[in-house]
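Have a look at this one before I ask anything.
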Amino acid sequence: MIGKSISERTSFLFSLVFIILLVGVYTYLSHLQHKRNADDRTIPTWWQLWGGIVFLCEKHDDDDSNNSDLLAAAMADGKMDGAQVSSKKGYLEGRILWEASKATLGRLFGGLSIGLIGGVIVGILMGCFLKIDAALSPVMYFSSRIIPTAAMPIFFKLAGIDMEMYVAMIVFGSMPIVTLSVSRYVQEFPDELRFKSYTLGASNYEVITTAIFPYVLPKVFELAIIMIGPALVYLIAAEQIVAGEGFGYRIRILTKATRFEVVYPLIVILTIYAGAITYVLKYASRIMCPWYKDKDGA
Amino acid sequence: MLESILKIEGLSHWFGENKVLYNINLDIKRGQIVGIVGPSGCGKSTLLRAILGTHLPSQGKIIVYDGETSKVIDGPGRDRGIVYQRYSLFPHLTAQENVAYGLMVDQTSIPGRTFKYLAWRGLRKKHMQQAAEMLEKMKLGAAFKKFPPEMSGGMCQRVALAQALIMKPTVLLLDEPFGALDEATREEMQKILLILYGENSDAIKAGKQPPYTMFLVTHEINEAIYVGDRVVGLSQYWNWKESGHASCPGATIVYDKASPVFATKNERNFLLFREQKEEIICTVFNPESCCSYKEYTTVVDRTKIIGG
């Protein structure tokens, strides 16, 4: 029957079987590929993938790891399989995974935080005051339809290629959507609750901060989770074009060098980061909004 | 003679071409529980919203009296409490916090709560204690920490009532408050209102001001008679042709009489007010009825408690 419920154990078993099946298919394809070409790296073996992870975690010289052409050339020649001693003193500095994570996550957090906070503030004002809504909504609608990756050269020109450019691009990509969504949520705030707040003695500012903001907060968390995907798309695309560090940059140069045993772990790690941020946001929503039940009952 | 607490003077209301209310005049005394009944679409809720201040009248005015001062209603205000049919509780607050919310926003400000945090903590404790006492009075002792989605309709409505009552409003407006409840819960809630009425009676006997004045909009005639001490019938079926109108200019008051008052310890006996109920049906709900609205502008005083 459609929609028939299953137990958690059955659900887990089905998931596990499918993952094992995928791993089996990958292992078989990798085996076939390596029978044809023992040095192949497009479908790396599990051992090669482990080597890729070790490579990401080892220290590399600043000059080598930060110069795309040098690094790509060195990799293509196979001279960088092993670890090189980094001149950096810190434990984490010089390790590709750390440097890429620091750069990408820093840009992501910076952009998303500003986009979300700005979007929530402007959205609440638009939802509460119709004059502000009338003034801003046409601009917000238009901005929300612009594809940030298409406007990337403009960002390079206006904001350079430093941190500001990435943050500006994520803000530009996320803020109009967050603003319009929050404005809609605020307009859905029941009139009866609004009127009741006034009869209880609340001022306009108190209605916003003690009634409307808590009402939209769980939906803001949901929005933040939804916006992680698009924000990462804008960021990785920009990093692949102009960055000197970050996941996008690393994936580009390693792909150029056909080092897929490193590229795949990078993509998986990036996915894990996105999943971890999603989990943290869901957890924060559960702690901060214990009354809220979403469609899944979470 | 009890003092006037709410006066409606020549109130008419229309939405474009749609004329809803016509020349409503009503004088509500302190301590009265006024039940408003009328056919569907006669404008009962519009009248309540006009008193609340969210839908200001197209013509006429509403004055709230509080001791020496009086105020023409121009928007929702602290002097009027409201209980809606759909509970309307803050979903992010527990039952206790919902009841304490009004005390917080009324007695403190955001800068005060932020910059005088320790003083605010002390006051907050006091507010929560007051909220707990009010919830106990509503027989909700076990639900202090529950959020609205975790409570039944009856529990939510008691919290909503406690939330409004704790603020001691000049007039409490009840917009079909028990319409969404089952029969048993509805009866329990009605008894709570009768308990409050009993407190009014005790206050009068002790020579004090009765603390609760209520304006109850309901589609249940039994409820209006049972809970209220005065029933006001609003209807579009009246002799507007005789008044020289080409079409109905809106609903007006066609019935305004005292109703018997019941003590909570007595069983509800509908036979006791069958006669009044039939009179209301005949006068207010009958399209053939042609009452003159001018007959019903008198002020009704409290009646003695039946079986009390």
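Read the figures in this text as sums done on the coordinates, not as results from a lab. Everything numeric in this text was worked out from a predicted model, so none of it was measured. Here Cβ is always computed from backbone atoms with ideal geometry, including for glycine, and neighbour counts include all displayed protein chains.
If packing is taken as the mean number of other Cβ atoms within 10 Å per residue, what is the order of A:115-128, A:274-287, B:138-151, highest first?
The peptides rank, most packed first, as A:115-128, B:138-151, A:274-287.
Roughly how crowded by other chains is peptide B:83-94, in terms of the mean Cβ count from those chains within 10 Å of each of its Cβ atoms?
5
Sort A:288, B:104, A:169 so that the residue with the fewest other Cβ atoms within 10 Å of its own Cβ comes first and the one with the most comes last.
A:288, B:104, A:169
Also: Ranked highest first by average number of other Cβ atoms within 10 Å, how do A:192-204, B:274-286, A:5-17, B:21-33 line up?
Order by mean packing, descending: B:21-33, A:192-204, B:274-286, A:5-17.
Now for a separate question. Among A:253, A:231, B:214, whose Cα lies farthest out toward the positive end of the dipole of the protein assembly as shown, if unit charges sit on the beta carbon of Lys, Arg (+1) and Asp, Glu (-1)?
Of the options given, the answer is B:214.
For chain B, give the magnitude of the charge dipole about the Cα centre (Cβ charges: +1 Lys/Arg, -1 Asp/Glu; no others), in debye to the nearest 20.
1180 debye
Once amide H atoms are placed 1.01 Å from N in the peptide plane, what residues at a sequence separation of 5 or more from residue B:77, or on another chain, have their amide H within under 5 Å of its amide H?
Residues meeting the criterion, in which the H sits 1.01 Å from N, do not exist here.
Could you size up the charge dipole of the protein assembly as shown around its Cα centre, putting +1 on the beta carbon of Lys and Arg and -1 on that of Asp and Glu, and report it in debye to the nearest 20?
It works out to roughly 760 debye.
I would also like to ask the following. What are the ³J(HN,Hα) couplings of the range B:283-288, residue after residue, when phi is run through the Karplus curve with 6.51, -1.76, 1.60 and θ = phi - 60°? Round to Hz, x for glycine and proline.
So the J values, rounded to whole Hz, are 7, 9, 9, 8, x, 7.
Please give the residues of the range B:189-222, grouped as numeric ranges, whose backbone N is less than 17 Å from a label point set 7 Å along the Cα-to-Cβ vector of residue B:66.
B:209-215
Measuring from a point 7 Å past the Cα of residue B:40 along Cα-to-C-beta, which residues in the range B:228-263 have an amide N at less than 16 Å?
B:236
Using a Förster distance of 35 angstrom, determine the FRET efficiency expected from the C-beta separation of residue B:245 and residue A:139, and round it to 0.05. Mind dumping the intermediate values first?
Numbers: r = 50 Å, r/R0 = 1.43.
Result of the calculation: an efficiency of 0.10.
Using a simple charge model, +1 on the beta-carbon of Lys and Arg, -1 on the beta-carbon of Asp and Glu, nothing else, what dipole does chain A show about its Cα centre, in debye to the nearest 20? Let's see the in-between values first.
On the way: 27 positive and 26 negative charges, 139 e Å.
Dipole of chain A, to the nearest 20 debye: 660 debye.
Evaluate the distance, in nm, between pseudo-label points positioned 7 Å from the Cα of residue A:38 and of residue B:114 along their respective Cα→Cβ axes.
7.1 nm
Ok, one more. Report the antiparallel proportion of the DSSP beta bridges in chain B as a percent, rounded to a multiple of 5.
Looking only at bridges with both residues in chain B, the antiparallel portion is about 55 percent.
Given a Förster distance of 60 Å, report the FRET efficiency between residue A:191 and residue A:256 from their Cβ-Cβ distance, rounded to the nearest 0.05.
0.55
Collect residues whose amide H, placed 1.01 Å from N in the peptide plane, falls under 5 Å from the amide H of residue B:60; neighbours closer than 5 in sequence don't count.
Those qualifying (amide H under 5 Å, at least 5 residues apart or on another chain) are B:12.
Output the Kirkwood hydrodynamic radius of the range A:187-286, Cα pairs only, in Å rounded to one decimal.
With all distinct Cα pairs of the range A:187-286 included, I get 16.7 Å.
Using the structure shown, list the pairs from B:61/B:168; B:7/B:126; A:293/B:145; B:61/B:241 with a Cα-Cα distance above 28 Å, or answer none.
Table pairs above 28 Å Cα-Cα are B:7/B:126.
With a 10 Å Cβ neighbour count serving as the proxy for reagent exposure, in which order, fewest first, do B:166, A:53 appear? Kindly include the intermediate steps, with their values, before the conclusion.
Numbers: B:166 24, A:53 17.
Ranked by crowding around the Cβ, least crowded first: A:53, B:166.
On to the next question. May I ask what percent, to the nearest 5, of DSSP beta bridges between residues of the protein assembly as shown are antiparallel? Spell out each step's value before the answer.
Numbers: 24 of 44 bridges.
DSSP beta bridges in the protein assembly as shown are roughly 55 percent antiparallel.
Post the alpha-carbon centroid distance, the range B:34-88 to the range A:112-139, in whole angstrom.
Result: 33 Å between the Cα centres.
Which FRET efficiency value, to the nearest 0.05, do you get for residue A:149 and residue B:74 by plugging their Cβ-Cβ distance into 1/(1 + (r/R0)^6) with R0 = 45 Å?
0.30
A further question follows. May I ask for the angle, rounded to the nearest 10°, between helix B:95-107 and the longest principal axis of chain B, with both axes built from Cα atoms and the value confined to 0 to 90°?
Long axis of B:95-107 versus the principal axis of chain B: about 90 degrees.
Additional query: Hey, got the average number of other protein chain Cβ atoms within 10 angstrom for residues in A:186-198?
So the per-residue partner count for this stretch is 5.
Tell me, what HN-Hα J-couplings in whole Hz come from the Karplus equation 6.51 cos²θ - 1.76 cosθ + 1.60 at θ = phi - 60° for each residue of the range B:232-247, using x for Gly and Pro?
Result, rounded to whole Hz: 10, x, 10, 8, 8, 9, 8, 7, 5, 5, 5, 7, x, 8, 6, 9.
Can you compute the modelled spin-label distance between residue A:57 and residue A:279, with each label point 7 Å from Cα toward Cβ, in nm?
Those two pseudo-labels are separated by 1.8 nm.
In percent, how large is the relative contact order of the range B:1-57, given Cα pairs closer than 8 Å and 6 or more residues apart?
Answer for the range B:1-57 is 30 percent.
Return a whole-number percent for the relative contact order of the range B:134-218, with Cα pairs under 8 Å and 6 or more residues apart as the contact set.
Over the range B:134-218, the number comes to 32 percent.
Residue farthest toward the positive end of the dipole of chain A, with Cβ of Lys/Arg at +1 and Asp/Glu at -1: which of A:211, A:262, A:5?
Value computed over the given set: A:5.
Now for a separate question. When Cβ neighbours within 10 Å are restricted to other protein chains, what is their mean count per residue of peptide B:46-58? Intermediate results must be reported in sequence, preceding the final value.
On the way: counts 0, 0, 0, 1, 0, 0, 4, 3, 6, 0, 0, 0, 0.
Per residue, the average neighbour count from other chains is 1.
If I take every Cα pair under 8 Å that is 6 or more residues apart in chain B, average their sequence separation and divide by the length, what percent do I get for the relative contact order?
24 percent
Also, quick follow-up: Using amide H atoms built 1.01 Å from N in the peptide plane, name the residues 5+ places from residue B:230, or on other chains, whose amide H lies under 5 Å from its own.
HN-HN under 5 Å from residue B:230: B:33, B:35, B:259.
To continue, here is another question. Could you check the simple spin-label distance between residue B:279 and residue A:287, using points 7 Å along Cα→Cβ, in nm with one decimal?
Those two pseudo-labels are separated by 6.5 nm.
Can you give the Rg to Rh ratio of the range A:103-296, both from alpha-carbon atoms, with Rh computed by the Kirkwood formula?
Values: Rg = 19.2 Å, Rh = 18.2 Å.
Rounded to two decimals, Rg over Rh is 1.05.
Tally Lys/Arg at +1 and Asp/Glu at -1 over every other residue whose Cβ is under 15 Å from the Cβ of residue A:163; what's the total?
Overall, the nearby charge balance is -3.
Using alpha carbons only, what's the Rg to Rh ratio of the protein assembly as shown with Rh from Kirkwood?
My calculation of the ratio gives 1.16.
Can you work out the Karplus-derived ³J(HN,Hα) for every residue in the range A:30-37? Use 6.51 cos²θ - 1.76 cosθ + 1.60 with θ = phi - 60°, whole Hz, and x for glycine or proline.
4, 4, 4, 4, 6, 6, 6, 9
Considering the dipole of the protein assembly as shown built from charges on the beta carbon (Lys and Arg +1, Asp and Glu -1) around the Cα centre, which of A:161, B:141, B:185 is farthest to its positive end?
Positive-end residue among those listed: B:141.
Still on this structure: Give the peptides A:241-247, B:169-175 in descending order of average Cβ contacts within 10 Å, highest first.
Going by the mean number of other Cβ atoms within 10 Å, highest first, we get B:169-175, A:241-247.
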